[in-house]
């Protein structure tokens, strides 16, 4: 992903774990993303069976 695409992605209120993985913002794999969500290291919410990552806390963690 280009820098512009990443900025656009992070401007959304929520993203999926798959989108976070594809963006390569964090140098971690799929399982690590889900572990970080489960432990609370990555702020998320559950909608039905879907987990969504809240981008505002993520941007704050990344210093963006």
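The values are calculated or read from the model by the stated rules, or taken from the named source; none is laboratory data. None of these values were measured; they are calculated from a predicted model. We place every Cβ from the backbone using ideal geometry, glycine too, and count neighbours over all the protein chains shown.
Listed values, structure above:
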item: Matching option when the condition is surrounded by 14 or more Cβ atoms within 10 Å (Cβ to Cβ) and out of contact with any strand residue (DSSP E or B) (no Cβ under 9 Å at 6 or more places or on another chain), among 26, 20, 9; result: 26
item: Among the candidates 53, 37, residue that is modelled with pLDDT of 95 or more, under 8 Å from the mean Cα position of the chain (by Cα), at negative phi and surrounded by 11 or more Cβ atoms within 10 Å (Cβ to Cβ); result: 53
item: Which numbered condition residue 31 fails, given (1) loosely packed, with under 13 Cβ neighbours inside 10 Å; (2) over 11 Å from the mean Cα position of the chain (by Cα); (3) outside any helix (DSSP H, G or I); result: (3)
item: Selection within segment 40-50 - loosely packed, with under 14 Cβ neighbours inside 10 Å and either touching a strand residue (DSSP E or B) at 6+ places or on another chain (Cβ under 9 Å) or touching a residue at least 12 places away in the same chain (Cβ under 8 Å) (or both); result: 45, 46, 47, 50
